[in-house]
Amino acid sequence: MLKYILKRFLWMILTIWVIVTLTFFLMHAIPGDPLDMGDTGSSDAASANLAAYYNLDQPLGVQYVTYLKNVATFDFGPSMTSRSRDVNDMIESGFPASLQLGIASLVFSVISGVFLGVFAALRHNKMIDYITMIIAVIGISIPNFIQSMLFINYIAVNVDFFPIARWGTWQHVILPALALASGPMAIIARLTRSNMLEVLTQDYIRTAKAKGLTSFQIVVKHALRNALLPVVTIMGALTAAVLTGSFVIERIFSIPGIGQYFVNSISNRDYPMIMATTVIYSTILVVMMFIVDILYGLIDPRIKLHSKED
Amino acid sequence: MGQALLEINELAVSFSTQGGEVQAVRGVTFAVEKGETVAIVGESGCGKSVTAQSIMRLIPEPPGRIKNGTIHMNGKDLASLSEKQMRGVRGKQIGMIFQDPMTSLNPTLKVGDQLTEGILVHQKISKNEAKQEAINLLNLVGIANPEERLNQYPHQFSGGMRQRLMIAMALMCKPELLIADEPTTALDVTIQAQIIDLFKEIQRKTGVAIIIITHDLGVVAQIADRINVMYAGEIVETGTVKEIFYDPQHPYTRGLLDSVPRLDGDRTQKLIPIVGSPPDLFSPPEGCAFAARCDYAMDVCLSHDPEHTKLTDHHYTKCWLQDKRAQKPF
Ligand SMILES: Nc1ncnc2c1ncn2[C@@H]1O[C@H](COP(=O)(O)OP(=O)(O)OP(=O)(O)O)[C@@H](O)[C@H]1O
Ligand SMILES: [Mg+2]
């Protein structure tokens, strides 16, 4: 098991390095210069000074090495758009809100998705099954930004309990998290349902029944665990969906997260900020996949054996 | 002879499907005495598994339904028990072993968990006591290092070992009856023989009664006391092993015996398959279900369903050829 974790961990580091490298070179391949925005006619000397300040006068290779060193120590340097602030400061101020939103969405989508899926499977072809699947189809097919606007327009505006925008109290979290979670929730619900239906026809379920276990014991102990394996597998992809969705949702609900910086930094060619947000998002994603791998190994004993063999 | 352990009377089970009602079991009657082994044989689809699962009430309902009949276990009719009462019977009074040991164990749970969960439901005992019992049973079924094995997962066992696990699991609560549905079909021949020996040994040690379902007449000859031959949802002949093997009276039973190789007989003897296929269980024929495939079929066979004719104390057959009226000299 330890060997398995270690191996996964090394893969994770490698993946992050590849992403960082790719981002660095892709970013420098975008036409346009962050310092030459065609605005004020700043002098050549000033430009040269700025270039030196941001290390832009060095050859690309040197910039890359310096950059790797900084990333390794989580120092992203000064921002190019708000020159007085470090990228780290900006990230730190935005990160908590983004993190809260992301975690709330993921937790909500997993819990409610699994619950709905199991419920639908146990009431297969009954009313609850159909209702759940209709909710799931709606969740998947209506884009989250439209859901957000509907939520704001019909719920936040009419119900005082839900603030319309901004951030601060836990009530602020509910509507954006709901909008962000509905897609993943629907996917999880459908997947859980179909896995559950499949698992319930397995021979070992009949064995469990032949032992005299109650339906509840059978579902919780024998069926759910196996039905959740594929759900665990897609958690990585769902995290990615929540992350990308959060750019839009943060904007619509005016949430002071890091999504806004990410979007702005690209049009501003704010290299340090692009790099910082990319590294953060991809690290979250890769760490999530790492966790998924480990969870998978914990839930399915056959995986462990496999890694021992190779 | 007192009351039998299990008495099945006129059991009928149907499945409602889109094509109509499949009459999988059509009036099956037989009994199992304490400590004896009864085999059910017959070709694929004749309703052996459905009969076995009906005893445990494991038929998926819907589409399945016990339409008629009683299943008395120690005088109590299982067919009329509530689901909750039935849970008290499953695993406790009757243990069941299934065909495929590869898929009958949960791949993601430790073997120890799967062995003990049944007894923990049925008896008020501690986890440690349950574990001790599991170790005893693993010893009984011949699995070495039981203590260590309990912490392993099913994939760490071979097919034969898994079937031993299944047997141990079915015996955890010391049931009076063990139902084994093709317990050796998925195993290779040498392992089959070991498992059959194991059944015999267990029966000697625990006195459990066994219903064994199989296609394999060789297995039956080794283990059974009595045999029920099933065809198209009915028992067409029943008797002791000797009676069925040496004095088969139903043409179908003879057909079954002729279609397997004999080690004692003439090596050059041809195997004779039974031609044709079983009747459609959506609308079973009016007369004898076997008539269409029977070399000896008479007019009466096509129009009237035969009754059970008693040949000896144990030997009955459902065939017009053996009917008293047919034998009357004219
Ligand atoms: N869930 C079900 N739905 C519909 N029909 C079923 C169902 N289960 C069994 N049957 C039907 O009942 C009949 C008897 O099936 P059963 O499984 O008892 O056969 P079997 O004698 O055990 O055969 P085998 O030797 O292949 O295991 C078959 O014709 C089958 O099609
Ligand atoms: Mg069968």
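The values are calculated or read from the model by the stated rules, or taken from the named source; none is laboratory data. Model, not experiment: these values are computed from the prediction. Glycine also receives a Cβ, built like all others from the backbone with ideal geometry; neighbour counts cover every protein chain displayed. These accessible areas exclude ligands, DNA and RNA; they are computed on the full protein's heavy atoms, side chains included. Shrake-Rupley method; radii C 1.70, N 1.55, O 1.52, S 1.80 Å.
Averaged over the residues of peptide A:210-220, the number of Cβ atoms from other protein chains lying within 10 Å of each residue's Cβ is 6. The tail of the calculated P(r) for the protein assembly as shown, taken as Cα-Cα distances beyond 38 Å, holds 53 percent of the pairs. Between the listed residues B:S14, A:L22, A:L116, the Cα displaced farthest toward the positive end of the dipole of the protein assembly as shown, a dipole computed from Cβ unit charges relative to the Cα centre, is found at B:S14. Ordering B:120-132, B:81-93 by mean Cβ neighbour count within 10 Å, with the highest value first, yields B:81-93, B:120-132.
What do the square roots of 5 times the Cα gyration tensor eigenvalues come to for segment B:50-178, in whole Å, largest first, as semi-axes of the equivalent ellipsoid? Kindly include the intermediate steps, with their values, before the conclusion.
Details: eigenvalues 159, 55, 29 Å².
That gives 28, 17, 12 Å for the three semi-axes.
A Stokes-Einstein calculation at 10 °C with viscosity 1.306 mPa s, built on the Kirkwood radius of segment A:68-166 over Cα pairs, returns a diffusion coefficient of 91 µm²/s.
Per-atom-type breakdown for chain A gives carbon and sulfur 69% of the accessible area (1.4 Å probe, protein chains only).
Taking a quarter of the surface of the Cα convex hull of chain A, what do you get in nm²?
21.1 nm²
Computed with a 1.4 angstrom probe on protein heavy atoms, the B-A interface buries about 2200 square angstrom of accessible area in total. Putting +1 on Lys and Arg Cβ atoms and -1 on Asp and Glu Cβ atoms, find which of A:L229, A:I155, A:I135 reaches farthest to the positive end of the dipole of segment A:88-257. The one lying farthest along the dipole's positive direction is A:L229.
One quarter of the convex hull surface built on the alpha carbon atoms of segment A:88-257 amounts to 11.2 nm², the projected area averaged over directions. Global dimensions of segment B:197-289 from alpha-carbon coordinates: Rg and Dmax equal 15.4, 46 Å. Counting heavy atoms of the protein chains alone, A:R190 has an accessible area of about 110 Å² for a 1.4 Å probe.
Between their Cα atoms, which of B:K131/B:K174; B:K174/B:K310; A:K3/B:K110 are more than 23 Å away from each other?
Beyond 23 Å: B:K174/B:K310.
Considering only B:P154, B:S82, B:N106, and ranking their Cα positions along the charge dipole of segment B:70-176 that arises from unit charges at the beta-carbon of Lys, Arg, Asp and Glu, the one farthest toward the positive end is B:S82. Only the Cβ atoms of Lys and Arg (+1) and of Asp and Glu (-1) were treated as charged; on that basis the dipole of segment A:88-257 about its Cα centre amounts to roughly 780 debye. Taking the Cα centre of segment A:167-250 as origin and assigning +1 to Lys and Arg Cβ atoms and -1 to Asp and Glu Cβ atoms, the resulting dipole is close to 460 debye.
What Kirkwood radius, in Å to one decimal, follows from the Cα pairs of chain B? The partial results should precede the final answer.
Values: mean 1/r = 0.0475 Å⁻¹.
One decimal place: 21.1 Å for the Kirkwood radius.
Please compare each pair in B:K84/B:K205; A:K126/A:K221; B:K48/B:K318 to a cut-off of 22 Å on the Cα-Cα distance and tell me which ones are over it. Checking Cα-Cα distances, B:K84/B:K205; A:K126/A:K221 exceed 22 Å. Max-minus-min Cα coordinates of segment B:135-247 on each principal axis give 49, 27, 24 Å, with the largest extent listed first. Placing +1 on the Cβ of every Lys and Arg and -1 on the Cβ of every Asp and Glu, with no other charges, gives the protein assembly as shown a dipole of roughly 1200 debye about its Cα centre.
Which of the lysines could a cross-linker bridge to A:K69, judged by Cα under 26 Å and excluding same-chain residues fewer than eight apart? Answer for A:K69, where 26 Å is the Cα cut-off: A:K7, listed by chain and number. Applying both filters, DSSP loop and at most 13 other Cβ atoms within 10 Å, to the chymotrypsin sites (Phe, Trp or Tyr not before Pro) of segment A:105-205 gives A:F161, A:W170. Counting heavy atoms of the protein chains alone, B:D113 has an accessible area of about 70 Å² for a 1.4 Å probe.
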